[in-house]
Amino acid sequence: MKKLKKLLGFVILLLILFVVYTFISTGFFRSITPKLEGQILQEIQLPGAEDMLVSRVDSFLLISSTNRKVYPPTEEEKGGLYLIDLKRDDFTPIHLSANFTKPFAPHGISMVKTDSTYTVMAINHTIKGHSIEVFELYQQTLTHIKTVQHSSMIQPNDLVLLSPTEFYFTNDHGYTEGIMRLIEEYGGFSFSNVVHYKNDTYTEVATDIAYANGINYDPARKLLFVASPRKFLVKAYSRNEDGSLDFIEDISCGAGPDNLELDEDGAIWSGAHPNLLRFAAYAKGDKETSPSEIIKINYKSKGDYSVERIYVETGEKMSGSSVAAPWGNLVFVGNVMDDGFLVLRR
C-alpha cells in the first residue's frame, strides 16, 4: 500500500510539473504591453490572410487567404491566392485563384521568378489530406500546373522555393493524432522536421524541432531559417550544395514566431504569438481574441543578433498575427483567422 501511495504521489507530482511547465513555456503568464512603432494605415478586408510575401522586383504582394472558422478545420475551407499591386495606393486584393475549382485551403506560400514568369507553390489542406499546389503566375494571371503529394508531407505548414524544381518544406507535427500528438503540442516535444525536395527526391534534412512552422532562405549568406513557435525560437542553419543543412544556433525570440519574411537587408520579420495557449483557445473558437506581436530579427552571425518588437497588442485590433511582410516603410501584417489584415506605416 505504501509503495502504491508513493507511486501515485510521484505520478501526481509529474502531472503538476507538466502543467506548470506548459503554462510557463507557452507564455501564459506573460503580460502584454501594447507597442506600435508608427501607425495603422489601413485594414484590408480579406479573411485568414495567414501568409504573404512581397515581390520587390515587380512590386506586388502575394497573399494566402482562407475563410476558416476554427483551426484545425473540421470541414472544407474556402480559400484562395490574392495579389495586391503595390504600385497603386488603394491596396485592393485581386483574386488570382478564382478559376481553381479543387478544394483549396492555402497555408504557407512561396514563389520564385524565372524570366517573366513566377512559379508559385502553396501548401493545401483538405479533408482528404495535404498537398502542394503548383501554379504559374504571369502578370496577374495564375495558372494551375499540378498537385504534388508525398508520404513525407505528414502535416506540411510552410515552404520556400530555391528554384522551380527545388524547395524545402516544414512539417509542424511528427504525429497527426492520438496521445502522441497531444504530448507533442502541450509538452513541447521536438518531433517535427524539414524536408528538402530536388530531382523527384524527398530528403529529411532537419529534425528535432518543436512545431516547425515558417521557413525562409537567405541566398546571399546561404542561411536557412525555421520558426519553432513552441520553443519561442527561430533556428538558423547553413545550407550545403547538396541541399543538406548544418545547424548553427537557436535565436531566442520571446514569443512564438510563425511565418518568416526577409527584408532587403536580410533582417527576419515574423508575425508571432506571445501566448500560445490563448491562441490555441482562440483558434478553437473558445476565446474572442488572441495577442499579436511583430518582431524583427537582425541576424549577423552566430551569437550576434538582436530582436526588435515592432508591434504588440492584446488582440483587440487584430488577433493571432502570423506574418509580417515589409515593403519600404510599410509592413503588411496577416493573421490566422480574422476577417481582415493590417497595413502598418513605420
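Of all the criteria given as (1) closer than 29 Å to T117 by Cα; (2) assigned to a loop (DSSP other than H, G, I, E, B); (3) without any contact (Cβ under 8 Å) to a residue 24 or more places away in the chain, the one not satisfied by G243 is (3).
Can you tell me how many residues within the range 276-301 are part of a loop (DSSP other than H, G, I, E, B), surrounded by 24 or more Cβ atoms within 10 Å (Cβ to Cβ) and in contact (Cβ under 8 Å) with a residue 60 or more places away in the chain? Talk me through it step by step, then tell me what you get.
First, the residues of the range 276-301 that are part of a loop (DSSP other than H, G, I, E, B): 284-291.
Filter once more, so that each one left must be surrounded by 24 or more Cβ atoms within 10 Å (Cβ to Cβ): 290-291.
Applying the additional criterion that residues be in contact (Cβ under 8 Å) with a residue 60 or more places away in the chain yields 291.
Adding up the residues that qualify gives 1.
For the range 306-325, a residue qualifies if it is in contact with a helix residue (DSSP H, G or I) (Cβ under 9 Å, 6 or more places away or on another chain) and either on the phi > 0 side of the Ramachandran plot or not in a loop (DSSP other than H, G, I, E, B) (or both), and the qualifying residues are G315, G320.
I want to confirm something. Restricting to the range 179-198 and keeping residues that are part of a strand (DSSP E or B) and either among the hydroxyl-bearing types (S, T, Y) or in contact (Cβ under 8 Å) with a residue 40 or more places away in the chain (or both), which single residue is farthest from P229 (Cα to Cα)? Looking at the filtered set, the residue picked out is K198. Exactly one residue among G174, G129, G178 is buried (at least 19 other Cβ atoms within 10 Å of the Cβ) and among the small types (G, A, S), and that residue is G174.
Residues checked against (1) surrounded by fewer than 20 Cβ atoms within 10 Å (Cβ to Cβ); (2) among the β-branched types (V, I, T); (3) more than 26 Å from V54 (Cα to Cα):
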residue	(1), (2), (3)
Y237	no, no, no
D246	yes, no, yes
A255	no, no, no
E264	yes, no, no
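A single entry from G174, G254 fulfils the requirement of being without any contact (Cβ under 8 Å) to a residue 24 or more places away in the chain, under 29 Å from R30 (Cα atoms) and not in a strand (DSSP E or B): G174. Evaluated against (1) without any contact (Cβ under 8 Å) to a residue 12 or more places away in the chain; (2) touching a strand residue (DSSP E or B) at 6+ places or on another chain (Cβ under 8 Å); (3) of a type in the set (A, V, I, L, M), I215 falls short on exactly one condition, (1).
Could you list all residues from the range 80-117 that are of a type in the set (A, V, I, L, M) and surrounded by 13 or more Cβ atoms within 10 Å (Cβ to Cβ)? L81, L83, I84, L86, I94, L96, A105, I109, M111, V112, listed by residue number.
Give the residue, chosen from G271, G320, that is under 22 Å from L182 (Cα atoms) and surrounded by 19 or more Cβ atoms within 10 Å (Cβ to Cβ).
Details: G271 fails: under 22 Å from L182 (Cα atoms).
Within the list G271, G320, the selection yields G320.
Of F29, F23, F18, all but one fail to be modelled with pLDDT under 85, in contact with a Leu (Cβ under 9 Å, 6 or more places away or on another chain) and surrounded by fewer than 19 Cβ atoms within 10 Å (Cβ to Cβ); the exception is F23.
Considering only the range 155-170, I want to know if a residue exists there that is in a loop (DSSP other than H, G, I, E, B), closer than 19 Å to S190 by Cα and in contact with an Asp or Glu (Cβ under 8 Å, 6 or more places away or on another chain).
Applying the first criterion (in a loop (DSSP other than H, G, I, E, B)) to the range 155-170 yields 155, 164-165.
From what's left, closer than 19 Å to S190 by Cα: 155.
Filter once more, keeping what is in contact with an Asp or Glu (Cβ under 8 Å, 6 or more places away or on another chain): 155.
The answer is yes, given that some residue of the range 155-170 is in a loop (DSSP other than H, G, I, E, B), closer than 19 Å to S190 by Cα and in contact with an Asp or Glu (Cβ under 8 Å, 6 or more places away or on another chain).
Within the range 218-232, the set of residues being surrounded by fewer than 17 Cβ atoms within 10 Å (Cβ to Cβ), touching a strand residue (DSSP E or B) at 6+ places or on another chain (Cβ under 9 Å) and in a loop (DSSP other than H, G, I, E, B) comprises P219, R221, K222.
Can you go through T201, T207 and tell me which one is surrounded by fewer than 16 Cβ atoms within 10 Å (Cβ to Cβ), hydroxyl-bearing (S, T, Y) and within 21 Å of L161 (Cβ to Cβ)? Exactly one residue qualifies, and that residue is T201. I'd like the residue in the range 273-300 that is modelled with pLDDT under 95 and small (G, A, S) and, out of all such residues, is farthest from N216 (Cα to Cα). Step by step, filter the range 273-300, then rank; the result is G285. F167 fulfils the conditions (1) surrounded by 14 or more Cβ atoms within 10 Å (Cβ to Cβ); (2) farther than 17 Å from I123 by Cβ; (3) in contact with a strand residue (DSSP E or B) (Cβ under 8 Å, 6 or more places away or on another chain); (4) not charged (D, E, K, R) except for a single criterion, (2). Within the range 53-74, the residues that satisfy the criterion of being under 22 Å from S290 (Cβ atoms) and not hydrophobic (A, V, I, L, M, F, W, C) are S64, S65, T66, N67, R68, K69, Y71, P72, P73, T74. Determine, yes or no, whether S64 is under 15 Å from N157 (Cα atoms), of a type in the set (S, T, Y) and in contact (Cβ under 8 Å) with a residue 12 or more places away in the chain. Yes: the conditions hold for S64.
The values are calculated or read from the model by the stated rules, or taken from the named source; none is laboratory data. None of the values given here were measured: they were computed from a predicted structure. Please note: Cβ atoms are built from the backbone with ideal geometry, for glycine as well, and neighbour counts cover all protein chains shown.
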